[in-house]
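Everything below concerns the one structure shown next.
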Amino acid sequence: MEAFTAWCSAQGIETRNVEARQTDYAGTGLFLTQDEEVSTPYFVRIPANRLITTDFLLLHPDACAAIDGLVGDDTEQQQQSLAERLDGPHNKLAFRLFLAWLLQHQEKRKNGNNDALPPTIVELGPYIDVLPSLAWMKAHHVLFLDPTNEENSDQLAICRLLEGTSLATSLRAKQMHLEAEWAHLCSIAAAKHEENDKNNKNDASCAWFRNIALDNWLYADALYWSRAVDLDMQGGAADGTSKPRLALIPYFDFANHAPSPTIRWQLNDQGDLLFVRAADTPLLQKDTELCLSYGAKSNQELLFAHGFCLEKNETHSKSVFSARPFLNMDMDDAEAAAKQIWLKQHTDFQARLELHDFDDDSDEKRPRDRALTADGWTRQSIAAMLLIVLQEDDGLRWQWPQNTDNGDKTTKNEQNEADVALFLGDTRLTSLDQLFDLVYADDLAPVFQLRVLVMLMDVLTYHFELIRENDDVQDNFDDDHAHSALVSAIAIYRNEEKTRLAVALRSMIALRDELMQMPIVNDYLLAAAAPEDDDQQE
């Protein structure tokens, strides 16, 4: 830490009666060494030229050379400068590549072999040294959990704690994405190396990535997302009018999160980043920890990005489930094809179902036309499920512009190219929101609602049982693991999700029973069953 403190001073990073200390709960934290004075303008000042932004990268030719050939496809590399590519969708990839490149050279620099190191590595070496190690990240970050690693029984037990939760699904998707991304980058590096050999070029700019293992790529990604700061947030309030200006900021990393922060950050007119006392906070006393707010993040977000949870987090998590299992993917089925193509035409549609917390103890009467949203489901989730359960017999019909009377005979090419129109009765559907209102205005709304309800109850029951089946796992951890930060955080999160599912299920069961008592539902079910009864009598 002394070497890093000296480096910070040499870089112009200014601290006023602040020091970094080890904590028992969150690694390193920032603390005051004496009472704050009224005249203190700021606690920490980090110069603008020490903020590791896109501009910083572009001022370091060795860093640019290392990532240039890996950012964007061949066409983009030929038509756009690196600066143009960094200003687009490849910005986050470039930063993670930069981090991976820095980390790869860390051991060489630690061994004192600075002569062979790129200048940027030497310049940022002390900052790299204080970043959490790969070994530490493997023990404290969910991204490294591998449910297929049967040789590590402790890790398998931790994975079981997450089974059935939304985080488990998100985690698997993230790991698969990163593995595919890593494999793609490895193939680019190998292809460029082969091309250089073939043409006798002495260009090793991309060669370094061939030595990056998957764990190293996960490491760079986890470090980036736990440390990247959006400079447009200005201490927590983004204006939403521009693309994020993301930065890695030495020393900023030491400030821990608190729901009631003692400090906030801001940029001055010179672009320097300052730590100042949070609004409506009295003068701070000696040994007070200087904590920031990372934003209004749920425990799922905090665990996924930072590896911790809050016991009483006022920002609630949500349970997210894929809607794809309910979508008939058979494009030879005209109805299924029409629904899928219609949904693709609505770019705001996401094939997921979201369940939020709600007040189960409320005495307010459930609104009939908003029953399932009152149980915590989002309006779009219910609208998507209504589209899924509605059939031609319910008045749902579709129309292809090239062949309006073709029905099931519409070709796949016509389907793929068509701007399909969906109708409910005589009304053309223009949005899921409109579908929601039309269905709930129909006399048969309770019937359609019951169909959706039964399907969603199956989803919740499945996930609830997966979580419940592993309730005994935490009890089986020995004392060392029972007090580990990662296990404790996962326990907080999974208990939240289990409670959310249980509360929703209890309310939905009561709603199902109410719907089953409605005459219109009973009449519909009897009418639907009548043909089958007639067949049995014959």
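Output the number of the condition that Leu429 fails; it satisfies all remaining conditions of (1) farther than 29 Å from Asp348 by Cα; (2) touching a Leu at 6+ places or on another chain (Cβ under 6 Å).
Looking at each condition in turn, Leu429 falls short on (1).
For Gly72, work out the one condition from (1) part of a loop (DSSP other than H, G, I, E, B); (2) loosely packed, with under 14 Cβ neighbours inside 10 Å; (3) of a type in the set (Gly, Ala, Ser) it doesn't fulfil.
It fails just one condition, (2).
Listed residues Gln175, Gln155; which is among the polar types (S, T, N, Q) and touching a helix residue (DSSP H, G or I) at 6+ places or on another chain (Cβ under 8 Å)? I'd like the intermediate steps shown before the answer.
Values: Gln155 fails: touching a helix residue (DSSP H, G or I) at 6+ places or on another chain (Cβ under 8 Å).
Going through Gln175, Gln155 in turn, the sole match is Gln175.
Any idea how many residues of the range 315-337 are among the hydrophobic types (A, V, I, L, M, F, W, C) and at pLDDT 85 or above? Spell out the reasoning first.
First pass over the range 315-337, keeping only residues among the hydrophobic types (A, V, I, L, M, F, W, C): 320-321, 323, 326-327, 329, 331, 334, 336-337.
This time we only want the ones that are at pLDDT 85 or above, so: 320-321, 323, 326.
Selection size over the range 315-337: 4.
Out of (1) among the hydroxyl-bearing types (Ser, Thr, Tyr); (2) in contact (Cβ under 8 Å) with a residue 12 or more places away in the chain; (3) open to solvent by 20 Å² or more (accessible area, probe 1.4 Å), the odd one out for Thr347 is which?
(2)
Listed residues Arg160, Arg109; which is in a helix (DSSP H, G or I), buried (at least 18 other Cβ atoms within 10 Å of the Cβ) and modelled with pLDDT under 90? Lay out the reasoning, then the answer.
Working: Arg160 fails: modelled with pLDDT under 90.
Just a single option satisfies the conditions, and that option is Arg109.
Given the conditions (1) touching a residue at least 60 places away in the same chain (Cβ under 8 Å); (2) surrounded by fewer than 18 Cβ atoms within 10 Å (Cβ to Cβ); (3) among the basic types (Lys, Arg), which single one is not true for Lys192?
Result: Lys192 fails condition (2) only.
Keeping to the range 1-51, report how many residues are open to solvent by 70 Å² or more (accessible area, probe 1.4 Å) and in contact with a helix residue (DSSP H, G or I) (Cβ under 6 Å, 6 or more places away or on another chain).
Going through the range 1-51 one residue at a time, the tally reaches 1.
The values are calculated or read from the model by the stated rules, or taken from the named source; none is laboratory data. Values in this document were obtained by computation on a predicted structure and should not be read as measured data. Here the Cβ is made from the backbone with ideal geometry for all residues, glycine too, and neighbour counts use every protein chain on show. Calculation scope for accessible area: heavy atoms of the full protein, side chains included, ligands and nucleic acids excluded. Shrake-Rupley method; radii C 1.70, N 1.55, O 1.52, S 1.80 Å.
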